[in-house]
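J.: Below is the structure I would like to discuss, written out as structure tokens.
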Amino acid sequence: MREQPGGLTPFRRLLRRLRDIMAADLPAEQRLQQTVSLIAADMVAEVCSVYVMRAGEVLELFATHGLRREAIHKTRLRVGEGLVGDIAAHARPLALADAQSHPNFAYRPETGEEIYHSLMGVPILRGGRVLGVLVVQNRTRRNYTEDDVEALQTIVMVLAELVASGELVSPEERRPSEGTGLLPIRLEGLALNPGIAIGVAVLHEPGVVLTRIVAEDPEAELDRLRQAVLGMQDALDDLIASADLAQGEERDILETYRMFAQDRGWITRIAEAIRSGLTAEAAVQKVKDDTRARLSQATDPYLRERLSDLDDLANRLIEHLTATEERPRRQRAPEGAILVARSLGPAELLDYGRRRIKGLVLEEGSPTAHVSIVARALGIPVLGRVANALIRVEAGDSLILDADNEQVFLRPREDILAAYQETLSDRDRKRRAFALTRDLPPVTRDGVRLSLNINAGLLIDLRQLAETGADGVGLYRTEIPFMVRSSFPDVSSQAEIYRRVLDQADGCPVTFRTLDVGGDKALPYWHEEGDENPAMGWRAIRIGLDRPALLRQQLRAMIRAAAGRPLSLMFPLIAQVSEFERARSVLDLELERAAQRQEPLPERLSIGVMLEVPALLWQLPALLRRVDFLSVGTNDLQQFLFASDRGNPRLAHRYDMLSPAMLKILAGIADAAESAGVSAAVCGEMAGQPLEAMALAALGFRNLSMAPPAIGPVRAMARSLDLGSAGAFLRSRLDAPEPSLRQRLQSYARDHEVAV
């Protein structure tokens, strides 16, 4: 931008004039009207209009220069309706030389806008939320430049403060009607970490309110930015060093998070925004909003999940810039707090203190988001994707977080609260009782020993071996270390991870599953096109066979990690025996090369497959001649069997694991494995439910792997079960024409005093 007398560019002069209007002692709508007139004159636009979001996701025309004044407060558009609604729906700019030819164009006759052809609009954002839309229009077919769009995005930084102030639309208006009067509400979400918590709502309100938007001295602002970045990085180093977490993947997550804070591209974009005329803190906010608007449209789940990390960093940097003393949030959170947030970074969770936060409710989130993984390591239940949680929940509200059943009760009635308190007390009693039986073997009443193992994916999970008395790790998911890093871990890094897993298992058997990524489990450093049906797409062993270098490196790392100890590994999503043979040949080649390098080989090698694809059922004789064991992944097997997406809420409970069809298939697998002298295990969620585990044992499965908290209940079931009687009962009903045998099995358990 060309400097004018006095050292100001025309655009910076505009920002200063806008700042003066915002500071004037005038009604809010009058200031807004002056603003649109000033913008129209400066940008040589015949029209400038501001639409403000009202209750029910309706955009209302609040101020205009160029359109008919009688249209103000009369013209309304739903989010997604018309070009203005499209900008709000996608939270992204739109610049069109011929707006009326766009398929989303919606004509409003009261505005008189039919004579205007070109249109440029940007969303008015605050904290990632769309508060409104700013639009300019021209009679001619004007080709707006990227600089024009950038200028309008900077202008809305100033407007956002006015729109968010509550002077135009009161915050109460946007609160849903069922939230008024402090009525009890039940909200639904997605379980990201299981568990139940009762506590008091603490609203996560990151950052500070910006009071300075327009810069007086850009060079001074750039210097403030440099100092704040250094201060933030030092503070993060201190936080990570003091975090009470194991040296495992959760530590890798925090290290990855720290790498974001050192990203030159991020800092450069902030510096560019400062040079456009914003203060350092306003520049950080602008880049944060721009990044959120851009990445929220990404199809890559990993990129979307990094939004919370980037939001956290931006908020921290703003706190450093505004020179406020960064108060530890753990001092503001009462004991037994349930944290409610739109999104959260892993370091923000640590700010509150692991012993004060009993649960976490998020408007966004996913199971593989960094905060979800760290919360799991801390034993904090998490419910994600709870719509409008921050709007509905008041600070200090009583909450019941039931992540097990994917719901949260806001201001629960006394009877509901009492029932959940009893549930928690009952769980505590059972937990203490299970702890007392930890060293008792899971032997049935007729003398059959079951092997109970845990499923794991983090080093911290290995602690549960001793705490639960489990026999070993029946499934170690190896993909998490790949998902939390910014690049593919090399052989040495992988070998160190697997070595530490075996060390912490301390002689207990561990079965590693090779990499199961792809589909909906994206890696940040892969840019493959997404599958329309991820569960049945290019994932797991299919990637390993198509990209054999990845599989070779992982197998080489496992061989090195074992180094004289037993090694057990299995390949996921095998659909054909030939796929197993190809994967086994890669392993054999790595063993041969390790011997040539005179590296120590595993003391004993056990090779198996995950049986998840129904096609493998008709290849069992050939498969069982080639494997040492197989492990049934009941989650995928069920959804493939019934053509039912387990992530679809309409189908989630339509088909039962205890249906005769599913049980008959499992019986056939158990019988075939026994005849072949091959060990058959189950590592899906089915193994961790006492009633389902009873059915599996009755069908012949002696090796069950489950989430660590399920070990105690399943052990109690096993010790109260007469396996011979249960097997005869269940097998006699496998041809029943019923959709489920659940009620029959529950009745059997009750009549025979089986602890389910």
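J.: Could you list, in sequence order, all residues of region 23-33 that are surrounded by 19 or more Cβ atoms within 10 Å (Cβ to Cβ), of a type outside the set (D, E, K, R) and either over 40 Å from the mean Cα position of the chain (by Cα) or at positive phi (or both)?
T.: Listed by number, the list holds a single entry, Gln33.
J.: Restrict the check to region 317-339 and report whether at least one residue is buried (at least 18 other Cβ atoms within 10 Å of the Cβ), more than 14 Å from the chain's Cα centre (by Cα), at pLDDT 80 or above and under 15 Å from Leu190 (Cα atoms).
T.: Within region 317-339, not a single residue is buried (at least 18 other Cβ atoms within 10 Å of the Cβ), more than 14 Å from the chain's Cα centre (by Cα), at pLDDT 80 or above and under 15 Å from Leu190 (Cα atoms).
J.: Name, by its number, the condition in (1) surrounded by fewer than 21 Cβ atoms within 10 Å (Cβ to Cβ); (2) without any contact (Cβ under 8 Å) to a residue 40 or more places away in the chain that does not hold for Ala71.
T.: Status for Ala71: all satisfied but (2).
J.: Let me ask something additional. Kindly indicate whether any position in region 93-106 is under 32 Å from the mean Cα position of the chain (by Cα), assigned by TED's automatic domain parsing to the domain that holds Gly56 and closer than 23 Å to Thr291 by Cβ.
T.: Within region 93-106 (the criterion being under 32 Å from the mean Cα position of the chain (by Cα), assigned by TED's automatic domain parsing to the domain that holds Gly56 and closer than 23 Å to Thr291 by Cβ), the answer is yes, since at least one residue qualifies.
J.: Has region 46-58 got any residue that is free of Cβ contacts under 8 Å to residues at least 60 places away in the same chain, over 23 Å from Asp289 (Cβ atoms), not in a loop (DSSP other than H, G, I, E, B) and not small (Gly, Ala, Ser)? Spell out how you get there, then give the answer.
T.: Our first condition is that a residue be free of Cβ contacts under 8 Å to residues at least 60 places away in the same chain; within region 46-58, this holds for 56-58.
Okay, now just the ones that are also over 23 Å from Asp289 (Cβ atoms), so 56.
This time we only want the ones that are not in a loop (DSSP other than H, G, I, E, B), so: none.
For region 46-58, residues free of Cβ contacts under 8 Å to residues at least 60 places away in the same chain, over 23 Å from Asp289 (Cβ atoms), not in a loop (DSSP other than H, G, I, E, B) and not small (Gly, Ala, Ser): absent.
J.: In addition: Is it the case, given these coordinates, that Gly112 is of a type in the set (Gly, Ala, Ser), closer than 19 Å to Arg76 by Cα and surrounded by fewer than 21 Cβ atoms within 10 Å (Cβ to Cβ)?
T.: Yes: the conditions hold for Gly112.
J.: Arg626 is checked against (1) touching a residue at least 40 places away in the same chain (Cβ under 8 Å); (2) under 21 Å from Arg744 (Cβ atoms) and fails just one. What number does that condition carry?
T.: Just one mismatch for Arg626, condition (2).
J.: How many residues does region 686-699 contain that are closer than 24 Å to Ile607 by Cα and out of contact with any strand residue (DSSP E or B) (no Cβ under 8 Å at 6 or more places or on another chain)?
T.: Within region 686-699, residues that are closer than 24 Å to Ile607 by Cα and out of contact with any strand residue (DSSP E or B) (no Cβ under 8 Å at 6 or more places or on another chain) number 2.
J.: Output the number of residues of region 182-193 satisfying the condition of being modelled with pLDDT of 85 or more, within 19 Å of Ala337 (Cα to Cα) and surrounded by fewer than 20 Cβ atoms within 10 Å (Cβ to Cβ).
T.: 3
J.: Within region 573-589, is there a residue that is hydroxyl-bearing (Ser, Thr, Tyr) and without any contact (Cβ under 8 Å) to a residue 40 or more places away in the chain?
T.: Yes, because at least one residue in region 573-589 is hydroxyl-bearing (Ser, Thr, Tyr) and without any contact (Cβ under 8 Å) to a residue 40 or more places away in the chain.
J.: Out of (1) modelled with pLDDT of 90 or more; (2) surrounded by fewer than 18 Cβ atoms within 10 Å (Cβ to Cβ), what's the single condition that is false for Leu61?
T.: Condition not satisfied by Leu61: (2).
J.: Which of the residues belonging to region 438-462 are basic (Lys, Arg) and without any contact (Cβ under 8 Å) to a residue 24 or more places away in the chain?
T.: Across region 438-462, there are no qualifying residues.
J.: Here are some conditions: (1) at pLDDT below 85; (2) more than 20 Å from Leu458 (Cα to Cα). Leu417 meets all but one. Which one does it not meet?
T.: Status for Leu417: all satisfied but (1).
J.: Let me ask another. What number of residues within region 487-501 satisfy the criterion of being at pLDDT below 80 and surrounded by 14 or more Cβ atoms within 10 Å (Cβ to Cβ)?
T.: The qualifying residues number 1.
J.: Now for a separate question. Filter region 630-660 for residues that are in a helix (DSSP H, G or I), modelled with pLDDT under 95 and not hydroxyl-bearing (Ser, Thr, Tyr) and give the result.
T.: First, the residues of region 630-660 that are in a helix (DSSP H, G or I): 634-641, 660.
Adding the requirement that they be modelled with pLDDT under 95 leaves 634-641.
Within region 630-660, Asn635, Asp636, Leu637, Gln638, Gln639, Phe640, Leu641 qualify.
J.: Of all residues in region 206-230 being loosely packed, with under 13 Cβ neighbours inside 10 Å and outside any helix (DSSP H, G or I), which is modelled with the lowest pLDDT?
T.: Across region 206-230, the extreme among qualifying residues is Val209.
J.: Check Gly85 against each of (1) closer than 19 Å to Ile213 by Cβ; (2) in contact with a strand residue (DSSP E or B) (Cβ under 7 Å, 6 or more places away or on another chain) and name the one condition it does not meet.
T.: (1)
J.: Which fully enclosed helices (runs of 4 or more DSSP H) of region 383-483 have 1 or more residues being outside the structural domain of Ser725 (by TED's automatic domain parsing), within 30 Å of Ala697 (Cα to Cα) and in contact with a helix residue (DSSP H, G or I) (Cβ under 8 Å, 6 or more places away or on another chain)?
T.: It comes to 414-436, 463-468.
J.: Would you point out which residue out of Ala466, Ala435, Ala418, Ala470 is under 24 Å from Gly684 (Cα atoms) and without any contact (Cβ under 8 Å) to a residue 24 or more places away in the chain?
T.: The match here is Ala466.
J.: Which members of region 723-754 meet the condition of being in contact (Cβ under 8 Å) with a residue 24 or more places away in the chain, over 23 Å from Ala673 (Cβ atoms) and buried (at least 16 other Cβ atoms within 10 Å of the Cβ)?
T.: Residues satisfying the conditions are Ser740, Arg742, Ala749, Val754.
J.: Sticking with this one: Just for region 43-58: of the residues that are within 15 Å of Leu152 (Cβ to Cβ) and among the hydrophobic types (A, V, I, L, M, F, W, C), which one is surrounded by the fewest Cβ atoms within 10 Å (Cβ to Cβ)?
T.: Just the residues of region 43-58 that are within 15 Å of Leu152 (Cβ to Cβ), to begin with: 43-45, 47-51.
Right, trim to among the hydrophobic types (A, V, I, L, M, F, W, C) and you get 43-45, 47-48, 50.
Values: Met43: 18, Val44: 9, Ala45: 26, Val47: 22, Cys48: 25, Val50: 28.
Of everything passing the filter in region 43-58, Val44 is surrounded by the fewest Cβ atoms within 10 Å (Cβ to Cβ).
J.: Within region 90-115, can you find the residues that are touching a residue at least 24 places away in the same chain (Cβ under 8 Å) and in a helix (DSSP H, G or I)?
T.: His90, Ala99, Glu110, Thr111, Glu113, Ile115
J.: Please go through region 548-562 and give me each residue that is of a type in the set (A, V, I, L, M) and free of Cβ contacts under 8 Å to residues at least 60 places away in the same chain, ordered by number.
T.: Ala549, Leu551, Leu555, Ile559
J.: I would also like to ask the following. For the structure I just gave you, tell me whether Asp20 is part of a helix (DSSP H, G or I) and either on the phi > 0 side of the Ramachandran plot or modelled with pLDDT under 90 (or both).
T.: yes
J.: Being within 12 Å of Pro572 (Cβ to Cβ), of a type in the set (A, V, I, L, M, F, W, C) and modelled with pLDDT under 90 is the filter here, so list the residues in region 502-534 that pass it.
T.: The answer is Leu515, Val517.
J.: Only one of (1) in contact with a Lys or Arg (Cβ under 6 Å, 6 or more places away or on another chain); (2) crowded, with 17+ Cβ neighbours inside 10 Å is not met by Asp98, so which one is it?
T.: (2)
The values are calculated or read from the model by the stated rules, or taken from the named source; none is laboratory data. Please read these numbers as outputs of a predicted model, since none were measured by experiment. Here Cβ is always computed from backbone atoms with ideal geometry, including for glycine, and neighbour counts include all displayed protein chains.
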